[in-house]
Amino acid sequence: MAKCFSITKSRDLCYRYSFANAGLKSISTDLGDGTIIHCWVPKTHKPDKPTLLLIHGFGANAMWQWNELLRPFVNKFNLYVPDLVFFGESYTTRSDRSESFQAQCIMRFMETRGVKKMNLIGMSYGGFVGYSLAAQFKDVVERVVICCAGVCLEEKDLNEGLFKVDNIDEALSILLPQTPDKLKLLMQMSFAKPVKPLPSCFLRDFIDVMCTEYVQEKKELVQALLNDRKLSDLPRIPQPTLIIWGDQDQIFPLELAYRLKNHLGENAELVVINHAGHAVAMEKAKEFYKHLRTFLIDSRTFLIDSIPHPSPSLLNGHNNKKD
């Protein structure tokens, strides 16, 4: 008998209402080279507000990963929330699987929207893409947040025991779960606190809706991250950068956070959130948002307020000056 109800599809619909109610609209743009980028964009882009790009990681589409940050940020920024290529409604017929290509696709999309300056938050795989965006488009990207993204990893790390898995195939079977048991394992590895067990029927429903499209292409995305990756090849981005990590991250171990901080030097700030895993934004949402606010909102307000303004007396003196 055909299944007539999907809790995953129902929740996806709720997220769509949430994004629409936050003042965003869903659009898809053909970049003209066989690539379609889907993105949630402001219904009205306000020039007096800065732009914030939210770049998701592996898993469900962008809505599932960023819904909780909409309300805190939508009044402060023009929010743009894209689906990366092979996620959600974005795809390409091109063969390039690098994070550099992903970044170029997002940049080309933002150019179609007339965006000339932006800040960004990259979560996990989205951090790889965000870092590449910042490196390639230094004059466009102003401030960068990298969250639990092992951009400083090297191909040899997998063989030297840095990760919980022994080889790329094992990693792919967890990152792209095709069975309830693998999805349970991914959830266990993503959270520091033990996850409350979910019925296998719910997990299977999630897999059927969110994890069965573009499986081979997503495998190639992961493989492209690792192939011949060396820290010595990673450029140092010039933008002020906030690095946020859970102290018990089992996907990208904390060592990679310190490695990135050392790579960027004084230009970067590292925040380690205790009792949190890879899904730090979900496990410690309030603390996560507090650090984002300090870096993206409070620091910007301080910089604006610190710009010298003419004193009233000078203005009055100018106004009263006789020819």
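Structure above, values below:
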quantity: Tally of residues being under 11 Å from residue 88 (Cβ atoms) and surrounded by 22 or more Cβ atoms within 10 Å (Cβ to Cβ) across the range 39-60; calculated: 3
quantity: Every residue from the range 32-49 that is more than 19 Å from residue 126 (Cβ to Cβ) and touching a residue at least 24 places away in the same chain (Cβ under 8 Å); calculated: 33, 34, 42, 45, 46, 49
quantity: Residue satisfying all of: in the range 123-158; open to solvent by 30 Å² or more (accessible area, probe 1.4 Å) and in a strand (DSSP E or B); nearest to residue 58 (Cα to Cα) among these; calculated: 143
quantity: Counted residues, the range 50-72 - those being over 14 Å from the mean Cα position of the chain (by Cα) and modelled with pLDDT under 95; calculated: 2
quantity: Options 24, 13; residue that is open to solvent by less than 30 Å² (accessible area, probe 1.4 Å) and farther than 19 Å from residue 123 by Cα; calculated: 24
quantity: Selected residue (criterion: nearest to residue 56 (Cα to Cα)) from residues of the range 228-246 that are surrounded by 12 or more Cβ atoms within 10 Å (Cβ to Cβ) and either hydroxyl-bearing (Ser, Thr, Tyr) or more than 20 Å from the chain's Cα centre (by Cα) (or both); calculated: 241
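For every residue, the table says whether it meets (1) in contact with a Phe, Trp or Tyr (Cβ under 8 Å, 6 or more places away or on another chain); (2) assigned to a loop (DSSP other than H, G, I, E, B); (3) open to solvent by less than 30 Å² (accessible area, probe 1.4 Å).
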| site | (1), (2), (3) |
| --- | --- |
| 249 | no, yes, yes |
| 253 | yes, yes, yes |
| 262 | no, no, no |
| 270 | yes, no, no |
| 277 | yes, yes, yes |
| 290 | no, no, no |
| 294 | no, no, no |
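The values are calculated or read from the model by the stated rules, or taken from the named source; none is laboratory data. Since the structure is predicted, the reported quantities are computational estimates derived from the model, not experimental observations. Backbone-built Cβ (ideal geometry, glycine too); neighbour counts: all protein chains shown. With ligands, DNA and RNA removed, areas are computed over all heavy atoms of the protein, side chains included. Shrake-Rupley method; radii C 1.70, N 1.55, O 1.52, S 1.80 Å.
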